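For reference, the structure discussed in these notes is given below.
The values are calculated or read from the model by the stated rules, or taken from the named source; none is laboratory data. Source: prediction; values computed, not measured. Virtual Cβ from ideal backbone geometry, glycine too; neighbours counted across all protein chains shown. The area values use the complete protein model at the heavy-atom level, side chains included, leaving out ligands, DNA and RNA. Shrake-Rupley method; radii C 1.70, N 1.55, O 1.52, S 1.80 Å.
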Amino acid sequence: KTEYRKQLQKPIDLGLTERGAKVYVSLLSRKGFTTLELQNSVDIPRTKIYEVLQRMIERGICSER
(Lines give C-alpha, C1' and ligand atoms only; values in the text may rest on other atoms or scores of the structure.)
Protein backbone atom coordinates (compact mmCIF):
# COMPACT_ATOMS: atom_id res chain seq x y z
CA LYS A 1 0.00 0.00 0.00
CA THR A 2 2.86 2.39 0.77
CA GLU A 3 4.32 1.90 -2.72
CA TYR A 4 0.92 2.72 -4.26
CA ARG A 5 0.76 5.92 -2.16
CA LYS A 6 4.21 6.89 -3.46
CA GLN A 7 3.03 6.29 -7.04
CA LEU A 8 0.03 8.56 -6.42
CA GLN A 9 2.06 11.36 -4.86
CA LYS A 10 4.02 12.26 -8.01
CA PRO A 11 0.95 12.99 -10.19
CA ILE A 12 -0.64 14.83 -7.25
CA ASP A 13 2.50 16.97 -6.95
CA LEU A 14 2.10 17.77 -10.66
CA GLY A 15 -1.42 19.09 -10.10
CA LEU A 16 -3.74 16.11 -10.43
CA THR A 17 -6.42 15.43 -7.87
CA GLU A 18 -6.23 12.18 -5.93
CA ARG A 19 -8.85 10.70 -8.25
CA GLY A 20 -6.91 11.90 -11.26
CA ALA A 21 -3.73 10.39 -9.86
CA LYS A 22 -5.46 7.03 -9.35
CA VAL A 23 -6.68 7.08 -12.96
CA TYR A 24 -3.24 8.12 -14.23
CA VAL A 25 -1.43 5.34 -12.38
CA SER A 26 -3.96 2.79 -13.65
CA LEU A 27 -3.64 4.04 -17.22
CA LEU A 28 0.12 3.48 -17.04
CA SER A 29 -0.42 -0.17 -16.15
CA ARG A 30 -1.72 -1.21 -19.59
CA LYS A 31 -2.37 0.00 -23.11
CA GLY A 32 -6.09 0.63 -22.92
CA PHE A 33 -9.17 0.56 -20.75
CA THR A 34 -12.86 0.86 -21.29
CA THR A 35 -14.44 3.41 -18.98
CA LEU A 36 -16.09 0.60 -17.01
CA GLU A 37 -12.79 -1.27 -16.59
CA LEU A 38 -11.09 1.90 -15.44
CA GLN A 39 -13.92 2.75 -13.07
CA ASN A 40 -13.68 -0.68 -11.46
CA SER A 41 -9.89 -0.53 -11.32
CA VAL A 42 -9.77 2.73 -9.37
CA ASP A 43 -13.08 2.46 -7.50
CA ILE A 44 -14.43 5.85 -8.56
CA PRO A 45 -18.18 6.40 -9.18
CA ARG A 46 -19.24 6.36 -12.83
CA THR A 47 -20.35 10.00 -12.80
CA LYS A 48 -16.95 11.08 -11.49
CA ILE A 49 -14.81 8.89 -13.77
CA TYR A 50 -16.13 10.76 -16.82
CA GLU A 51 -15.31 14.13 -15.21
CA VAL A 52 -11.79 13.01 -14.30
CA LEU A 53 -11.16 11.59 -17.77
CA GLN A 54 -12.50 14.71 -19.51
CA ARG A 55 -10.16 16.96 -17.51
CA MET A 56 -7.23 14.67 -18.26
CA ILE A 57 -8.06 14.63 -21.99
CA GLU A 58 -8.32 18.44 -22.02
CA ARG A 59 -4.88 18.69 -20.37
CA GLY A 60 -3.36 16.24 -22.84
CA ILE A 61 -2.58 13.66 -20.17
CA CYS A 62 -4.50 10.89 -21.88
CA SER A 63 -6.47 10.38 -25.06
CA GLU A 64 -9.77 8.84 -26.00
CA ARG A 65 -10.18 6.22 -28.73
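In this Cβ point-charge picture (+1 for Lys and Arg, -1 for Asp and Glu), the chain has a dipole of about 140 debye about its Cα centre. At the residue level, Leu14 shows approximately 140 square angstrom of accessible surface with a 1.4 angstrom probe and all protein chains present. Element breakdown for segment 12-65 at a 1.4 angstrom probe: carbon and sulfur atoms account for 47% of the accessible area.
Residues Ser41, Ser63, ordered by accessible area of protein heavy atoms at a 1.4 angstrom probe radius and largest first, appear as Ser63, Ser41. Structural descriptor for the chain: relative contact order 24 percent, calculated from alpha carbon pairs under 8 angstrom and at least 6 residues apart.
Applied to segment 24-30, the Karplus parametrisation 6.51 cos²θ - 1.76 cosθ + 1.60 on θ = phi - 60° returns per-residue 3J(HN,Hα) values of 4, 4, 5, 5, 6, 7, 7 Hz, with x for Gly and Pro. Only protein heavy atoms count here; under a 1.4 Å probe, Thr2 has an accessible surface of about 100 Å². Computed per residue of the chain from DSSP H runs no shorter than four, each worth -39500 (n - 2.57), the mean residue ellipticity at 222 nm is -20500 deg cm²/dmol.
Only lysine pairs 8 or more places apart or on separate chains count here, and in the chain those with Cα atoms under 20 Å apart total 6. For segment 33-62, trypsin sites (Lys or Arg not before Pro) meeting the loop criterion (DSSP other than H, G, I, E, B) and having at most 12 other Cβ atoms within 10 Å: Arg59.
Leaving out ligands and nucleic acids, note down the accessible area per residue over the chain with a 1.4 angstrom probe, in whole Å².
So the chain comes to 77 Å² accessible per residue, rounded to a whole number.
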